[in-house]
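Comments concern the structure below.
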Amino acid sequence: MIRERRGKRGAGCLQVISVRYDPAIGRNRQRVIATLPLDADGLPSRVAAELTVTERRNAEAFFATRSHDLRERRILESVAALVVQGHRIRVALADPGDRPMVLRAAELYGLGTSLAELVGAAAASGLRGRIRVPARRRQNV
């Protein structure tokens with residue numbers, strides 16, 4: 001089993017815990033085998049050697065799910081940043097004086113044709129859309 005411990009000011013760790021039946025007390029006993037940093041992406045071999053097959057499989061599933069969640073979070077944050085930039089570009093394109101500068105900057109960074117087509121299509125159709133900027137996701141600290 002893996003337990004995530006959050007400390008003060010974002011510091012924390014992952015505790016790798018082994019659960020074994022203890023006949024002396026008639027219950028399962030938990031023992032912390034290792035403490036890993038929060039950004040760990042797998043089990044070190046010396047830690048994996050101390051776990052049962054089931055515990056090892058569960059730990060691997062934990063890290064696989066965690067890596068997928070982190071990748072998903074990065075994608076969502078990138079899209080949110082892209083939406084914010086799109087909003088800024090739309091505001092700059094709405095001002096006729098800034099439009100040539102935006103197109104020059106887009107050419108400079110390799111977005112020229114796509115942006116020119118987008119601006120041309122928007123201007124031709126008289127598009128007056130509004131790009132909504134999503135609220136920032138709150139982090140539990």
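Per-structure values
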quantity	calculated
Test: Arg57 is within 30 Å of Arg5 (Cβ to Cβ) and modelled with pLDDT of 75 or more	yes
Selected residue (criterion: farthest from Ala40 (Cα to Cα)) from residues of the range 66-93 that are among the polar types (S, T, N, Q) and under 12 Å from the mean Cα position of the chain (by Cα)	Ser78
Single condition Asn58 does not satisfy, out of (1) under 19 Å from the mean Cα position of the chain (by Cα); (2) under 30 Å from Ile17 (Cα atoms); (3) in contact (Cβ under 8 Å) with a residue 24 or more places away in the chain	(1)
Test result for Ala80, in contact (Cβ under 8 Å) with a residue 40 or more places away in the chain and of a type outside the set (Val, Ile, Thr)	yes
Residue match in the range 25-48 (condition: modelled with pLDDT under 90, among the hydroxyl-bearing types (Ser, Thr, Tyr) and assigned to a strand (DSSP E or B))	yes
Condition check for Asp69: over 14 Å from Gln15 (Cα atoms) and among the acidic types (Asp, Glu)	yes
Meets criteria (in the same structural domain as Gly7 (by TED's automatic domain parsing) and either exposed (fewer than 10 other Cβ atoms within 10 Å of the Cβ) or acidic (Asp, Glu) (or both)) for Arg46	yes
Number of the condition not met by Arg71 [criteria: (1) within 30 Å of Arg31 (Cβ to Cβ); (2) modelled with pLDDT of 80 or more; (3) surrounded by fewer than 12 Cβ atoms within 10 Å (Cβ to Cβ)]	(1)
Residues located in the range 5-31, provided they are surrounded by 12 or more Cβ atoms within 10 Å (Cβ to Cβ) and of a type in the set (A, V, I, L, M, F, W, C)	Cys13, Leu14, Val16, Ile17, Val19
Members of the range 49-74 that are among the hydrophobic types (A, V, I, L, M, F, W, C) and assigned to a helix (DSSP H, G or I)	Val53, Ala59, Ala61, Phe62, Phe63, Ala64, Leu70
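The values are calculated or read from the model by the stated rules, or taken from the named source; none is laboratory data. Quantities reported herein were computed from a predicted structural model and do not represent experimental measurements. Methodologically, a virtual Cβ is constructed for each residue, glycine included, from the backbone with ideal geometry; neighbour enumeration extends over all protein chains shown.
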